[in-house]
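Bear in mind that the values in this text are calculations on the coordinates, not laboratory data. Given the structure is predicted, the values throughout are model-derived calculations rather than measurements. Counting neighbours? That spans all protein chains shown, and the Cβs are built from the backbone with ideal geometry, glycine included.
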Amino acid sequence: MEQKTGYKKEQETISERYKDIINLPHHRSAKRPGMKIEDRAAQFSPFAALTGYDAVVKETARLTESRIELDECEREGIFLVLSRIEEKLERENAEPVNICVTYFKPDEKKEGGAYLTLEGSVKKLDKHNHRLIFHEIEENEMMEIPMEDIVELTLLEK
């Protein structure tokens, strides 16, 4: 007679123990609908033990630029253009003045920021709060740029 190995012997004993239920059909509830395959698969999706880690890595990798310090000559040039804008706004019965401005926008989350360029029409020059106020750039949204953030300013002729 042939000697059975440990694995085969164990399989036979398991089969013997459960032979009364092993070939029964899979139970389906009459009261509850079956789970969709997509939802069933979601049970086995990977578990993120470090929630938010990916967002932190992306934020750290995001580059920002440092603020450029303008020299006296560059600041003087911007001041002259601001003076011309003010004159035009007063002289032309507060009609908007078209300009192109490059300014520094500080980053909200980390040190540094980005340089943005905007073409638009200035509605008002707010000397008290040191801001350029534009006509609506986006729907129902006024745009204001702090004068100290301006690095380049050009008047656009009509």
Check: Given (i) 23.1; (ii) 9.1; (iii) 14.7 as candidate values of mean projected area of the Cα convex hull in nm², which corresponds to the one derived from the coordinates?
Finding: (i)
Check: What order do you get for 115-121, 144-150, 39-45 when each peptide is scored by the mean count of other beta carbon atoms within 10 Å, highest first?
Finding: 144-150, 115-121, 39-45
Check: Given charges of +1 on the Cβ of Lys and Arg and -1 on the Cβ of Asp and Glu, with all other atoms neutral, how large is the dipole of the chain about its Cα centre, in debye to the nearest 20?
Finding: 1860 debye
Check: What full-extension length gain, to one decimal in nm, is calculated for R84 and K127 as 0.36 nm per residue of separation minus the Cα-Cα distance?
Finding: 14.1 nm
Notebook entry, point to check: Tell me, what is the FRET efficiency for L118 and I37 to the nearest 0.05, using R0 = 35 angstrom and their Cβ-Cβ distance as r?
Noted result: 0.10
Notebook entry, point to check: Taking Cα atoms, how many degrees apart are the long axis of helix 72-91 and the longest axis of the chain, rounded to 10 and kept between 0 and 90?
Noted result: 70 degrees
Checklist line | Isotropically averaged projected area of region 72-155, using the convex hull of Cα atoms (one quarter of hull area), nm² | finding: 6.2 nm²
